[in-house]
């Protein structure tokens with residue numbers, strides 16, 4: 001029973017078909033065998049019996065005709081011609097009888113008939129000899145003596161021959177009847193066998209077919225019931241317990257494993273959906289924080305740009321003042337060469353020079369103050385650049401986490417199959433936005449690094465300019481002191497005036513250096529302003545990307561809710 005259940009379904013059906021084929025073969029062979037026997041009997045009846053009976057009847061008829069002609073030859077008054085005609089006719093009948101008898105012997109006679117052949121041949125030989133003797137006596141003119149001889153000697157042999165022919169004919173008739181009876185009995189027997197075999201085949205086929213059908217249908221119905229329950233979302237169905245090794249048993253194991261895998265998948269998808277929903281909320285919150293931070297960065301950059309613009313304007317003013325001072329100093333240098341000739345005007349020129357020096361000192365102080373303010377702004381700009389770098393690092397980290405979450409979401413969407421296709425599209429968009437944010441953050445970092453380098457250069461230049469301004473103040477102060485000495489000792493020698501002229505020339509050179517430094521500061525300030533504007537534009541782009549990430553995270557949360565709703569239809 002167990003071995004039969006473990007057979008393949010195709011093997012079971014083939015076994016049923018083979019069983020039916022065996023019964024059909026038995027029925028066919030029985031019919032064929034009996035038909036073959038019936039055909040043999042019919043052939044035997046025709047070739048051996050019916051033909052034998054027909055030949056025996058012809059032989060008896062020919063023998064009677066010979067006997068009649070013999071009587072006419074013995075008793076009737078005949079002319080010579082009539083006698084010869086009858087004699088020829090009798091010879092023809094004798095030849096015909098011989099042919100008939102020869103043909104009869106070739107009909108496959110049985111032993112009983114063959115045992116009678118010697119007696120018949122002996123009687124036939126004696127009959128013909130005695131008959132010729134009687135005819136010879138009659139033809140010699142003794143008709144009565146020939147007739148009596150014929151009656152006494154020939155007739156017993158003739159009757160014996162007819163008796164043998166009749167007995168053989170009756171024997172063949174009885175044998176034919178026995179063969180027909182046997183054929184009828186065989187027909188009835190074969191009919192009974194065929195009916196019994198057919199009935200047994202039908203009963204056994206119904207029984208075996210029903211049994212095999214139940215072996216197939218009962219477990220298959222169990223599998224179909226579980227599959228229908230699983231199709232309706234009920235994954236809590238009890239596993240089909242079939243330990244058979246046929247296709248249905250394999251199918252039941254596959255359905256059971258499918259239910260287990262679906263249950264695990266639904267649980268995993270449910271957990272993943274919750275994680276995605278939570279992650280999308282965290283991503284949305286992070287994107288909002290990032291948007292706020294980006295806004296703060298944009299505000300700080302705008303402030304830096306405004307401060308840089310003001311610094312540039314102040315430096316322009318300082319540059320103009322320094323150029324004026326330089327021109328004045330050069331004028332003083334030119335005038336100092338004529339001091340010896342214009343001694344009378346030295347006092348007035350010294351007073352004017354003292355005023356100019358005082359203004360120069362005040363202007364240099366303003367330049368020093370502006371330089372300090374500029375350096376403070378540059379320091380703030382450097383600090384803002386560092387803050388932007390830190391915020392950019394945060395943005396890069398958030399973009400990396402967003403990319404990782406998008407990849408995880410795409411994997412979970414792929415596991416979800418058809419239901420997660422839309423979710424996979426959203427995850428891919430989130431991943432692309434994360435990559436764009438990461439690229440933007442990298443660009444901002446590069447700009448910040450470049451800006452930081454420029455700011456460092458500006459700081460260095462500002463420090464150098466500050467030192468030059470201090471040196472200029474010292475020089476202007478020295479010039480003021482000199483002019484005070486000139487005013488106090490206007491009558492000093494020409495050597496003192498030459499020393500003053502040399503000092504004025506040195507101050508002119510220093511003032512030119514101050515002009516060059518201020519021009520460098522102005523150039524750096526303008527570059528810093530341009531970089532600040534670039535950072536501001538990048539920050540605006542990053543803000544737009546953050547808004548897209550926030551929108552995508554909200555859509556991701558909606559997809560996660562839809563996925564949770566779809567998963568809730570399954571009972572695990």
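Each value in this text was obtained by applying a stated rule to the coordinates, not by laboratory testing. Computed from a predicted model, the values in this text were never measured in an experiment. Here the Cβ positions follow ideal geometry from the backbone for every residue, glycine too, while neighbour counts run over all protein chains shown.
Out of 209, 249, one residue alone is surrounded by 17 or more Cβ atoms within 10 Å (Cβ to Cβ), in contact (Cβ under 8 Å) with a residue 24 or more places away in the chain and not in a loop (DSSP other than H, G, I, E, B). It is 249. Scanning the stretch 49-59 for residues that are surrounded by fewer than 18 Cβ atoms within 10 Å (Cβ to Cβ) and closer than 14 Å to residue 171 by Cβ yields 50, 57.
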